[in-house]
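The values are calculated or read from the model by the stated rules, or taken from the named source; none is laboratory data. It should be emphasised that the depicted structure is a prediction, and the values quoted were computed from it without experimental measurement. Note: ideal-geometry Cβ built from the backbone for every residue, glycine included; neighbour counts use all protein chains shown. Each accessible area value is taken on the protein alone, full model and side chains, heavy atoms only, with ligands, DNA and RNA left out. Shrake-Rupley method; radii C 1.70, N 1.55, O 1.52, S 1.80 Å.
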Amino acid sequence: MTARRGKTSFASLLRLASGRNEEHEAPAPALEGAFRVDPDRVRLWSGLAAPTVEECRDNVAVIAREGQIEPVTVRPVFDDTLYEYEVIAGARDWVAVRHLREVATPRLDLLVRVALVDDDRAGQLANPEPPRLALPEPIIAALGGETLPEDVAVDLAERLAGPLAPAILATAVQIARAQDARRGDGLPPYPAGEVMRLLDTVGVEDAPSPIDVTLSIVDANATRVTFQIDAADELPPEALARIVKAMIDGAAADGVAVKWATAPSAATSP
């Protein structure tokens, strides 16, 4: 029987880290501007939430197995004699190194890179904006320089990955030409919302417009009832015939004998 190889346990990774010969440990990656410091001299910036050790389990495993790969970004501390730096990006590695230092490798240091930044810039480093989704050049040209909200761009990218992609791109090329013509005439480009409305119609079959019809009794006596059909738009004869037939069929289903009236657009029930 073939033995099953399980995933390396958390405890074995800690034993691996503690069993390393620190004198022969592989040197840290040559990263420009990075150096090692005592993690006990580094605090977490107050603008960051401290992750738990469990949340940093993957970081602990990687550092125990391979060492710290990327430096943590820190900035100098001037208001506290206990600390030299504070973490502004890379808090998970900071937690992982501190944990490994406590339970497995007492001499493990933290690889850092210093950034001299204010709180606003520190917030940007701590929460970098995700890269925007790249769209094909015809789509960008059709949008006339405007950017799409991320969710709209994702939906469009999914459609471009499907069978309608050639038709959508062809439509985008036509819109881009219209945008160029508008710029040549000194006019503003079509807004992104209008462009997306046109692209969204690609491959969508036109559904028949609903007919707004009102049926009312215009005359009734003991022997006869006359119905009047009023439509919001002028109906072609075939549409009117379908409506009248549906009305007759409905009445017949209810046990009412319906026959045609002599006047147009009307039916009678004896």
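I need the chymotrypsin sites (Phe, Trp or Tyr not before Pro) found in the stretch 72-102, filtered to DSSP loop residues with at most 14 other beta carbons within 10 Å of theirs.
Details: sites: PHE78, TYR83, TYR85, TRP94; in loops: PHE78, TYR83.
In loop regions of the stretch 72-102 (DSSP not H, G, I, E or B), the sparsely surrounded chymotrypsin sites (Phe, Trp or Tyr not before Pro) are PHE78.
Would you mind checking which residues have amide H under 5 Å from LEU44's amide H? H placed 1.01 Å from N; only 5 or more apart, or other chain.
VAL87
Ranked from the most accessible area to the least, with a 1.4 Å probe and all protein chains present, what is the order of THR147, THR81, THR201?
Values: THR147 100, THR81 125, THR201 75 Å².
Sorted by accessible area, descending: THR81, THR147, THR201.
At 1.4 Å probe size, what's the solvent-accessible area of LEU198? Round to the nearest 10 Å².
Accessible area of LEU198: about 60 Å².
How much accessible area does ILE140 have with a 1.4 Å probe, in Å² rounded to the nearest 10?
For ILE140, the solvent-accessible surface is approximately 80 Å².
With a ≥ b ≥ c the root eigenvalues of the C-alpha gyration tensor of the stretch 148-187, is it rounded (a/c under 1.5), prolate (a/b larger than b/c) or oblate?
Working: a/c = 6.64, a/b = 1.76, b/c = 3.78.
It comes out oblate by the Cα gyration axes.
Could you derive backbone 3J(HN,Hα) for the stretch 53-67 from the dihedral phi with the Karplus parameters 6.51, -1.76 and 1.60 (θ = phi - 60°), listing whole Hz in sequence and x where the residue is Gly or Pro?
Each residue's phi maps through the Karplus curve to give 4, 4, 5, 9, 4, 5, 5, 4, 4, 5, 5, 5, 8, 10, x Hz.
How would the stretch 66-188 be classified by its alpha-carbon gyration tensor: rounded, prolate or oblate, with rounded meaning a/c under 1.5 and the a/b versus b/c comparison settling the rest? Mind showing how you got there, number by number?
Working: a/c = 5.45, a/b = 2.51, b/c = 2.18.
Prolate, because a/c is 1.5 or more and a/b exceeds b/c.
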